[in-house]
Amino acid sequence: MRRDRAAGDGATQEPAPESMPAVDTRLLVREEGLKGYLGEFRRRLRSGELGSLPVVVAVIIIWTVFGSLDSTFLSAQNLSDLSQQIVGTGMIAVGIVFVLLLGEIDLSVGSVSGLCAAIFAVLNVLNGMNEWLALLVALAGGAAVGLIHGFFFAKVGVPAFVVTLAGNLFWNGLMLQILGTSGTVNIPSESIVSKLYSTIFHSPATAYVTAAVGVGLFLASSLLDARRRQAARVPFRPVAEIVLRTVVIAAIAFVAAYILNQYQGLPLALLIFLIVLVLLDFVLRRTTYGRRIFAVGGNIEGARRAGISVPFVRMSVFSISGFMAAVGGIFLAGQIQSASQTSGGGNLLMNVIAAAVIGGTSLFGGRGSVWSALLGALVIGSIQSGMNIMGVSNAVQFMITGAVLLAAVVVDSLSRRSQKAAGRA
């Protein structure tokens with residue numbers, strides 16, 4: 001027991017015992033080596049922190065099943081075509097990922113993509129506007145449409161579901177009005193939009209150099225992040241772990257480059273898609289703006305109290321969604337070399353939402369990554385490609401895609417429930 005005496009009596013005070021410093025469990029995991037990592041993996045499974053594991057397993061299963069049924073599916077030609085075909089859907093799904101991170105939904109992206117494709121086609125093909133200027137107008141139109149949605153949601157208070165559902169109808173009508181009575185505007189093969197989709201770098205060196213640059217950037221980013229965290233005296237990845245991760249990424253990248261080179265080479269559309277993913281991943285994970293998106297999606301009231309401008313974040317996110325819908329619409333128009341009354345219709349909306357959710361982005365907000373768009377689009381595209389090769393009817397394809405989407409949402413819900421039970425949600 002501590003006793004104090006008057007200073008004049010030469011009092012002494014017994015020092016309080018020092019508290020034991022808290023030890024981060026991540027440090028213990030790394031100190032235990034392989035055993036620690038296996039234990040951490042089991043803990044993550046029990047607590048529902050599945051990450052990208054379900055979708056990676058899904059891709060492996062899908063490719064194994066279709067590859068065993070028909071060897072054409074795993075041919076270099078089919079996989080190369082698949083890498084191009086998922087770009088349009090994947091671009092739009094990236095915008096959906098941003099909206100889902102807020103815990104909201106955007107039902108207008110299909111119509112917006114068709115509208116922006118029509119704007120480009122009419123301005124460039126029918127009115128003779130410079131193709132680059134027409135492209136910029138189309139992309140700016142997508143961003144403006146998203147900003148309008150964000151304004152009604154963030155400032156007026158109309159639910160995002162209602163705003164974007166109304167937008168889906170309105171922008172589809174505007175697209176039909178712009179296209180006029182002909183209903184279809186063909187885009188020349190020499191147009192910039194057609195070339196964005198159809199251009200392929202035939203030199204094998206291009207694919208391998210791209211893979212090498214990507215791996216190098218991943219390694220440099222990981223090392224810089226580890227050094228920054230070490231300087232801040234917070235847990236960081238050891239060099240051995242970073243090297244192991246880099247080796248895995250390198251294996252995937254160079255195998256992909258090899259497969260692409262076995263057919264025609266690296267498609268420009270795929271390269272642009274990967275660059276967009278890297279840039280937007282940096283925005284989400286490395287910038288203050290990205291952290292604010294996660295904060296608003298995770299706890300909106302806490303974000304307000306932290307001084308975050310929630311209306312600005314919401315409006316800007318919906319603007320990004322509209323812009324990415326325009327980008328995706330441009331690539332889809334380049335794929336079929338036309339803009340028509342069916343642009344942005346059909347099952348496009350369901351496919352892009354399914355791609356974002358199947359890829360691992362939570363419907364409840366606050367958890368996800370732009371790479372979800374790539375993984376989810378790969379799953380959707382693989383299913384459609386495999387069933388087309390097998391001659392499966394569209395009716396069955398719709399049912400299977402719907403079942404996969406439901407399974408992804410069920411996994412997300414169970415994962416969230418497990419995290420709540422573990423106190424980590």
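Length gain on complete extension for the stretch residue 258 to residue 147, per 0.36 nm per residue less the alpha carbon to alpha carbon distance?
35.8 nm
Does a label point 7 Å from the Cα of residue 176, set along Cα-to-beta-carbon, have any residues of region 107-133 with amide nitrogen under 15 Å, and which are they?
Inside the label zone: 111-112, 114-115.
What full-extension length gain, to one decimal in nm, is calculated for residue 281 and residue 59 as 0.36 nm per residue of separation minus the Cα-Cα distance?
Going from the current span to full extension adds 77.8 nm.
Could you work out how far apart the two model spin labels at residue 77 and residue 213 are, taking each label as a point 7 Å from the Cα in the direction of the beta carbon, and quote it in nm?
With each label placed 7 Å out from Cα toward Cβ, I get 3.0 nm.
Rounding to the nearest 10 and keeping the result within 0 to 90°, find how far the Cα-based axis of helix 394-421 lies from the longest principal axis of the chain.
10
Report Rg (one decimal) and Dmax (nearest whole number) for the chain, counting Cα atoms only, units Å.
Answer for the chain, Rg first and Dmax second: 25.1, 103 Å.
If packing is taken as the average number of other Cβ atoms within 10 Å across a peptide's residues, how do 233-240, 160-167 rank, most packed first?
Result, highest mean Cβ count within 10 Å first: 160-167, 233-240.
Before rounding to the nearest 500, sum -39500 (n - 2.57) across all DSSP H runs of length at least 4 in the chain and divide by the residue total; then give [θ] at 222 nm in deg cm²/dmol.
Helix contribution divided over all residues of the chain: -24000 deg cm²/dmol.
Listed highest first by mean packing, meaning other Cβ atoms within 10 Å per residue, what order do 325-336, 394-405, 254-265 come in?
325-336, 254-265, 394-405
From the C-alpha gyration tensor of region 200-266, pull out the three semi-axes of the equivalent ellipsoid (sqrt of 5λ each), sorted largest to smallest, in whole Å.
So the equivalent ellipsoid measures 32, 11, 6 Å along its semi-axes.
Could you work out how much longer the chain between residue 392 and residue 136 gets when fully extended? Use 0.36 nm per residue separation minus the Cα distance between them, nm to one decimal.
88.2 nm
So how tilted is helix 53-69 from the main axis of the chain? Cα-based, degrees 0 to 90, rounded to 10.
Between helix and principal axis, roughly 40 degrees.
Could you state the angle between the C-alpha long axis of helix 310-336 and the longest principal axis of the C-alpha atoms of the chain, as a value from 0 to 90 degrees rounded to the nearest 10?
Computed tilt is about 40 degrees.
Kindly rank 138-146, 151-159 from highest to lowest mean number of other beta carbons found within 10 Å of each residue.
Highest mean packing first, the order is 138-146, 151-159.
All of the numbers you see were taken from the coordinates with simple rules; none came from a lab. All figures in this text were calculated on a predicted structure; none of them were measured in a lab. Using ideal geometry, Cβ is built from the backbone for each residue, glycine included, and neighbour counts are taken over all protein chains shown.
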